[in-house]
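The values are calculated or read from the model by the stated rules, or taken from the named source; none is laboratory data. The structure presented is a predicted model; accordingly, all values stated were derived computationally and were not measured. Because the Cβ atoms are built from the backbone with ideal geometry, glycine has one as well, and the counts that use them run over all protein chains shown.
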Amino acid sequence: MNHTMTTGLNGESLQALAVQHGVPYLDVALIAANSEGARPLQGYPRARMQLRPNGSSETWQIILPFDNAQSPFEVIDGSLQLAGESIADVVALENDDVVLTYLRAGGRSITLNTHSRSKCTGCLFCPNVIEDAADETLATADQLSEVLEWLMADNGWPDLGHAEVITVCSGCFHYPGMAIDHMAALRIAADRYGFTGRLHLLSSVLRDRDDLERLREKCGPFHLTLTMECFERRSLLLKDTKASLTLERAGEILEDCRDLDIIGDFTYVAGLDSLETAVNGIAHLAPRVGTFPRIQVFQAHNDYMRRARHREAEDLNYYLDLRSALETVFAPTGLAPRSWENYRPLWYSEFAGSPVPGPRV
Ligand code: SF4
């Protein structure tokens, strides 16, 4: 069975979809590129790229798998091509290894991978298994301070006073206590360098109100992103510590977060559930979040992972229908996506008819 949607994808067919759905061409093209991946390149399993799409003066960061020999997308001669036609200049491209730190929004947002995300396995679609690792496990405030000092020196920052958020993206703490201790140590370390912003953790092990209270108490201003990912086939697609979180429980946790003045939201992978399940699940959580959730287009890194994609999502209309339905779902919340928070969203340049704010990198 063919699990790709590539047949017939070209500039003309994407333009037709853009018109039919009333969506900018840029958004349709980048959703298609994320969903399809690109043809193999230099042995990279996956690459971070900065692109300047034709007709745009902005540079966009995207991360694509380079595994799909059937893909209509290909990087050749410094450009991203769709069915042999250039659609964007490639301004920069590098292998996407699992790094220890990276920056977004010009350094206002710092992401740390201080708990060996590269060693975490169990989610069927996770790229860890195919990426090179350059991360490690750091436990104490002193070890975390060393990373922050290195980061400041590397970027010429006198301190961390400018930073708004420090995110830990290692979703691999086995117990709530491990996650709380790690984030508390990070708060101590970051305090030493004048950081007054919010700490942010992606996790699904923090569920009980007691744990959330401890988190708030020991870690200061906090943002918790529940790694929900999908609503159907959870035990098949996700590692056990994530799969056991139900939609109803996630809703309760988000309510507790709101009570405790913790910003709560969730990650969701668009393309794993039926359209109806996706819309209903997200509609259940939407009134309970404190910021727009991280909804990412499903990326497959090999043919095996491609089988995880829901049948309905083999057609690009799925993503465009979901995009439109979710604009309606989130309308009463007043929340909207921001570019630097998500490099494979359903919304690149426009959300519900309004521009998505940058920066794009
Ligand atoms: S929790 Fe799942 S998606 Fe996250 S790093 Fe571990 S295996 Fe990968």
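So which residues in region 123-140 are at pLDDT 80 or above and within 16 Å of the ligand (Cβ to nearest atom)?
Those that are at pLDDT 80 or above and within 16 Å of the ligand (Cβ to nearest atom): CYS123, LEU124, PHE125, CYS126.
If you check GLY220 against the conditions, is it more than 16 Å from the ligand (Cβ to nearest atom), surrounded by fewer than 17 Cβ atoms within 10 Å (Cβ to Cβ) and touching a residue at least 12 places away in the same chain (Cβ under 8 Å)?
Considered against the rule, which asks whether it is more than 16 Å from the ligand (Cβ to nearest atom), surrounded by fewer than 17 Cβ atoms within 10 Å (Cβ to Cβ) and touching a residue at least 12 places away in the same chain (Cβ under 8 Å), GLY220 comes out as no.
VAL90: within 11 Å of the ligand (Cβ to nearest atom), outside any loop (DSSP other than H, G, I, E, B) and either modelled with pLDDT of 90 or more or not polar (S, T, N, Q) (or both), yes or no?
no
Do we find that THR246 is among the polar types (S, T, N, Q) and in contact (Cβ under 8 Å) with a residue 24 or more places away in the chain in this structure?
no
Would you mind stating whether GLU276 is acidic (Asp, Glu) and touching a residue at least 12 places away in the same chain (Cβ under 8 Å)?
no
If you take just the helices (runs of 4 or more DSSP H) that sit entirely in region 225-326, which of them hold at least 1 residues that are charged (D, E, K, R) and within 16 Å of the ligand (Cβ to nearest atom)?
Where helices (runs of 4 or more DSSP H) fall fully within region 225-326 and carry at least 1 residues being charged (D, E, K, R) and within 16 Å of the ligand (Cβ to nearest atom), they are 234-237, 240-243.
Looking at GLN143 and the list (1) at pLDDT below 95; (2) buried (at least 21 other Cβ atoms within 10 Å of the Cβ), which single condition is not satisfied?
Status for GLN143: all satisfied but (2).
Here are ARG104, ARG108: which of them is farther than 27 Å from SER35 by Cβ, of a type outside the set (Ser, Thr, Tyr), at pLDDT 85 or above and more than 10 Å from the ligand (Cβ to nearest atom)?
ARG108
Here is a yes/no grid of residues against (1) away from the ligand (no atom under 13 Å from the Cβ); (2) modelled with pLDDT of 95 or more; (3) touching a helix residue (DSSP H, G or I) at 6+ places or on another chain (Cβ under 9 Å):
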| position | (1), (2), (3) |
| --- | --- |
| ARG117 | no, no, yes |
| THR121 | no, no, yes |
| VAL147 | yes, no, yes |
| ASP154 | yes, no, no |
| PRO158 | yes, yes, yes |
| VAL168 | no, no, yes |
| GLY171 | no, no, yes |
| ARG187 | yes, yes, yes |
| VAL205 | no, no, yes |
